[in-house]
Amino acid sequence: MVTLIHTLADHGDDVNCCAFSSSCLATCSLDKTIRVYSLNNFAELPYSPLRGHTYAVHCCCFSPSGRLLASCSTDGTTMLWDTGGGVRLAVLEQPGSSPVRVCRFSPGSTYLVSGAADGSVVLWNLQSLKLYRSGSVKDGSSVACAFSPNGNFFVTGSSCGDLTIWDDKMRSLYNEKAHDLGVMCCDISSQPISDGEHGCRYFQMASCGQDNQIKLWLIFFADFLGAELKYKCTLSGHSAPVLACAFSYNGQMLVSGSVDKSVIIYETNTGNTLHTLSQHTRYVTTCAFAPRSPLLATGSMDKTVNIWQFDLKQPCAGSSVEAESRVAVEDWSEDDVSAWLSAENLVDFVGLFKKNNIDGKELLNLTRESLTNELKIESLGLRSKVLQKIEELRMKTISLPVTIPDEFLCPITRELMKDPVIAADGYSYEREAMEHWIRTKRCSSPMTNLPLHSLMLTPNRTLKMAISHWLETQQK
């Protein structure tokens with residue numbers, strides 16, 4: 001079940017984009033402003049609205065930590081803002097001053113990409129705040145962008161309908177004509193899936209366009225293999241151009257917004273429609289799932305942003321701690337802990353935990369004494385509630401898979417090898433994956449990219465025995 005819980009109506013013109021961090025929602029508009037709201041009560045933050053752009057603001061996005069907010073505009077600039085106080089940190093001018101249509105942070109916050117109406121694509125170095133590399137799409141305007149989960153590749157979509165895969169050196173690795181009348185948006189799921197046919201690990205990508213279609217793709221990234229894109233299927237449901245699409249945090253759902261004024265939520269595994277939302281009165285221009293919490297935001301030319309909440313009991317809502325537990329809790333950042341607190345209805349503790357720099361490791365080590373003496377939580381009931389949630393998290397963490405030794409993982413699939421073989425480059429690979437590499441790629445090493453002087457594959461029995469022994473120890 002999806003429930004409309006709040007409507008934001010502060011913008012004076014079309015809403016072009018909305019984006020979540022773990023604690024905030026940002027929206028931007030043709031009215032030249034960016035507005036920032038707290039997820040605690042959807043109240044606008046004191047420094048909002050952010051003003052500085054001289055024309056319409058087309059896109060906004062948060063850095064992975066949530067500490068930076070980027071916005072881009074028809075005025076030819078991309079601006080960086082400090083989300084702590086709303087201070088403008090930088091103005092990045094697009095070469096040629098072309099209207100900037102899209103901006104995205106890389107997952108590691110190393111780069112910021114900006115794409116413009118003249119087709120230019122710029123990688124900005126976020127440490128120096130200088131232009132690092134630039135390129136251009138084949139034809140048309142650069143209107144969409146999505147980063148791979150490792151941050152080493154990104155995809156752009158153009159108004160001429162092309163999807164282009166780039167590496168972090170701005171080399172164009174792959175180009176695909178995806179939508180006849182132009183791409184409007186694209187997104188890449190952060191959760192990998194396995195391709196049963198070849199044993200490779202792919203990520204799902206969605207693209208949407210003026211042809212009324214949403215297409216799902218399988219995209220494969222590897223530093224030494226390049227990139228590969230395979231068409232998966234087309235999702236139906238909209239009767240007009242689709243302007244926006246986005247995956248949920250766990251990749252189980254995809255949301256889209258259209259000129260037909262509707263929002264459709266799909267189950268990505270089956271392509272089935274889960275929900276159709278029809279509350280907007282004009283074109284739906286943007287949609288975004290919150291990270292690790294059961295919220296969805298949709299924005300429209302009707303000048304409003306609707307906030308939707310999923311029933312926490314829904315297994316596909318992507319908001320439970322079970323989905324979060326796939327990431328080792330002790331590796332959580334302070335923002336991850338804040339997101340967990342929000343998902344567990346402990347929002348009142350977000351500020352206290354951040355003030356005390358509680359990350360995943362600190363969270364798991366909290367005791368009744370530390371909650372009392374260090375965090376100064378005086379209420380016995382509140383201490384007990386927090387401890388109960390932490391204990392539940394510890395129990396889920398215990399059941400997580402152990403880390404597999406890296407030497408047991410195939411360099412191609414990054415999965416535990418069952419039938420390891422030694423190639424002519426001296427490296428060991430899963431037989432099926434290496435045979436597929438030789439059949440479909442070039443006769444070069446996946447590790448070194450140098451030519452293979454022989455295509456012979458020799459069984460690595462010693463490694464196979466070591467893997468078998470390791471598996472036995474894990475079962476005891």
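Some notes on this structure:
- 10 Å Cβ shell holding at most 16 others, DSSP loop, GluC sites (Glu not before Pro): longest site-free stretch of the chain: 1-196
- Filtered chymotrypsin sites (Phe, Trp or Tyr not before Pro), region 1-60: DSSP coil and at most 13 other beta carbons within 10 Å: Tyr55
- Residues of the chain: accessible area per residue with a 1.4 Å probe, Å²: 44 Å²
- Spatially near lysine pairs across region 2-310, Cα under 19 Å, sequence gap of 8 or more or different chains: 10
- Within the accessible area of region 1-59, the carbon and sulfur atoms contribute 50%, probe 1.4 Å, all protein chains present.
- Loop-located chymotrypsin sites (Phe, Trp or Tyr not before Pro) in region 407-476 whose Cβ has at most 13 other Cβ within 10 Å (DSSP): none
- You can think of it this way: the chain between Tyr174 and Ser236 has 19.7 nm of extra reach, that is 0.36 nm per residue less the Cα-Cα gap.
- For region 11-122, averaging the sequence separation of C-alpha pairs within contact (under 8 Å, six or more residues apart) and dividing by the residue count gives a relative contact order of 18 percent.
- With every protein chain in place and a 1.4 angstrom probe, the accessible-area ranking of His238, His6, His58, largest first, reads His6, His58, His238.
- The fraction of accessible area contributed by carbon and sulfur in region 329-398 is 46 percent, rounded to a whole number (1.4 Å probe; ligands and nucleic acids excluded).
- Gyration tensor (alpha-carbon) shape descriptor, the chain, a/c threshold 1.5: oblate
- Structural descriptor for the chain: relative contact order 10 percent, calculated from alpha carbon pairs under 8 angstrom and at least 6 residues apart.
- Close amide-amide hydrogen proximity is noted between Ile34 and Leu50, each under 5 Å apart and 5 or more residues distant or on a separate chain (H modeled in the peptide plane; Pro and chain starts excluded).
- Computed E for Ser468/Glu362 - FRET, C-beta separation, R0 56 angstrom, nearest 0.05: 0.90
- Taking other residues whose beta carbon is less than 13 angstrom from the beta carbon of Gly299, and scoring Lys, Arg as +1 and Asp, Glu as -1, yields -1.
- When the solvent-accessible area of region 406-474 is split by element, carbon and sulfur atoms take up 57 percent of it, the probe being 1.4 Å.
- Estimated FRET transfer efficiency when R0 is 22 angstrom, pair Asp331-Lys355 (beta carbons, to 0.05): 0.55
- Mean separation of Cα pairs under 8 Å and 6 or more residues apart, divided by the residue count, gives region 329-398 a relative contact order of 33 percent.
The values are calculated or read from the model by the stated rules, or taken from the named source; none is laboratory data. As the structure is a computational prediction, the values presented were derived from the model and not from experiment. Cβ sites come from the backbone with ideal geometry, for glycine too, and all protein chains shown count toward neighbours. Surface accessibility is based on the protein's heavy atoms, side chains included, excluding ligands, DNA and RNA. Shrake-Rupley method; radii C 1.70, N 1.55, O 1.52, S 1.80 Å.
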